[in-house]
Amino acid sequence: MNSTELSKRHWLLIFTLSLLTFVLGTSEFVIVGILTDISSGLHIANEKAGTLVSAFAITFAIATPLVMSATSHFPKRKWMLFLIGSFIILNALCVFSTSYIMLLVLRMMTAIVTGVLISLAMIVASEAIPSAKRGLAISFVFGGFTLANVIGVPIGTAIAEWYNWNATFLLTTFLGGIAFLASFFVLPNKLSQFRSSMRDQFSLLTHPRILMAFFIPSLGFGATYAVYTYLVPILNGMEAPSNSISLILFGYGFISIFSNILAGKIASNNAIGRLRIVFLLQAIVLISLYWTTNNLFYGLINIGLMSLMAILLTTSTQLYLIDLAGIYQPKATGLAASLMPVASNIGIALGSAAGGMVYHQGNLMSVTWVGGLIAILASLLTFLSHHLDQKQTKPA
């Protein structure tokens with residue numbers, strides 16, 4: 001078999017890692033769909049229940065790189081199985097949560113496990129798959145999150161409506177069990193291990209090129225979420241029928257599946273060079289919403305294009321960070337693999353905040369300009385990174 005071809009074993013590994021990210025994504029995102037059920041069940045305000053989302057994101061962003069650095073020398077297969085087992089236990093305990101504090105602590109612990117597992121899944125996909133097919137493998141692994149939004153979250157939300165919010169965590173516990181069994185039989189034994197100090201690991205973050213690469217996905221996700229966070233009010237302003245909002249959001253998620261497929265194509269060759277243009281196109285799509293939302297038909301087409309552009313950056317930036325770590329600090333690839341998920345969470349938070357500031361000034365549709373300008377900044381940073389790459393590879 002050609003070394004660039006994928007064997008059945010490779011495809012089984014890709015499917016297993018995608019299943020794992022689907023389970024992790026469902027657990028992370030479903031909380032939004034059951035937030036009001038939690039607030040009424042625990043007799044707390046919706047605003048207080050909302051801190052379950054922000055606490056998860058903050059814990060994820062802070063703890064993931066720290067734990068990845070501290071455990072870089074752990075055997076990856078055993079460590080992943082231990083973490084999946086911990087995920088199952090934490091979700092099972094959520095079923096029996098009777099207080100806000102208990103649920104908050106369990107969700108924060110789940111955030112740590114989730115962040116580390118996502119990073120490890122990316123490393124395994126990068127290492128165990130032929131280099132020519134890494135982009136395809138990583139895009140499939142990221143696809144698990146897309147399917148979580150399209151399939152997992154609606155099912156989890158429906159379960160909470162039919163029974164109660166605790167029952168939703170029975171679903172994530174069950175899914176975790178399936179992921180554990182698949183991982184036990186499929187995860188390879190021979191994976192890289194590097195023994196290095198925390199200081200050596202975090203020295204990676206002193207390299208300007210790594211910091212530049214980190215902020216590319218931050219700005220890319222920030223551009224999308226400056227608008228996406230306020231998509232429902234935008235749809236209401238477009239006079240979309242209230243009973244069609246959930247269907248439109250489902251369509252948005254469904255289109256993002258194709259965005260994920262295209263992300264793998266972009267990563268296959270000259271990824272950073274291609275991303276320069278992707279971000280410029282994203283800026284055009286976001287800014288054009290300012291005008292197209294005056295018409296429901298054109299507005300929905302524009303929103304569909306927004307979804308198509310939303311995650312084209314994921315695979316390329318994930319591999320770019322890992323490859324840059326291979327150049328500047330080979331023993332810190334684990335930390336590098338954790339940076340893209342962290343960057344995306346930071347970008348989501350900053351984009352939502354930037355859009356929110358403009359929205360609260362009284363002009364909802366101006367959030368489209370905010371998103372477009374952030375996308376232009378992402379393009380400029382990518383242009384600079386690509387220029388430095390080209391300069392570095394030129395023969396003396």
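The values are calculated or read from the model by the stated rules, or taken from the named source; none is laboratory data. Since this is a predicted model, take the numbers as computed values, not measurements. Cβ placement follows ideal geometry from the backbone for every residue including glycine, while neighbour counts extend to all protein chains displayed.
Please determine whether any residue of the stretch 152-168 is within 26 Å of W369 (Cα to Cα) and out of contact with any Cys (no Cβ under 8 Å at 6 or more places or on another chain). The answer is no; no qualifying residue exists. Restricting to the stretch 1-59, count the residues that are over 25 Å from A121 (Cα atoms), surrounded by 15 or more Cβ atoms within 10 Å (Cβ to Cβ) and not β-branched (V, I, T). Looking only at that region, the number is 8. Quickly run through the stretch 305-331 and pick out the residues that are in a helix (DSSP H, G or I) and either in contact with a Phe, Trp or Tyr (Cβ under 8 Å, 6 or more places away or on another chain) or outside the structural domain of N269 (by TED's automatic domain parsing) (or both). Answer for the stretch 305-331, where residues must be in a helix (DSSP H, G or I) and either in contact with a Phe, Trp or Tyr (Cβ under 8 Å, 6 or more places away or on another chain) or outside the structural domain of N269 (by TED's automatic domain parsing) (or both): M306, S307, L308, A310, T314, T315, Q318, L321, P330, K331. Being at pLDDT below 85 and crowded, with 19+ Cβ neighbours inside 10 Å holds for only one residue in Q318, Q329, and it is Q329. Considering the stretch 282-299, and only residues there that are buried (at least 16 other Cβ atoms within 10 Å of the Cβ) and of a type in the set (A, V, I, L, M), the residue that is nearest to L380 (Cα to Cα) turns out to be A283.
Sort out for me the helices (runs of 4 or more DSSP H) sitting completely within the stretch 27-105 that have 3 or more residues that are among the small types (G, A, S) and more than 24 Å from G177 (Cβ to Cβ). It would help to see each step written out before you state the result.
Details: elements: 35-41, 46-70, 76-95.
So the answer is 35-41, 46-70.
Comparison of Y298, Y252, Y290 shows that the only residue that is in a helix (DSSP H, G or I), modelled with pLDDT of 90 or more and within 25 Å of A353 (Cα to Cα) is Y290.
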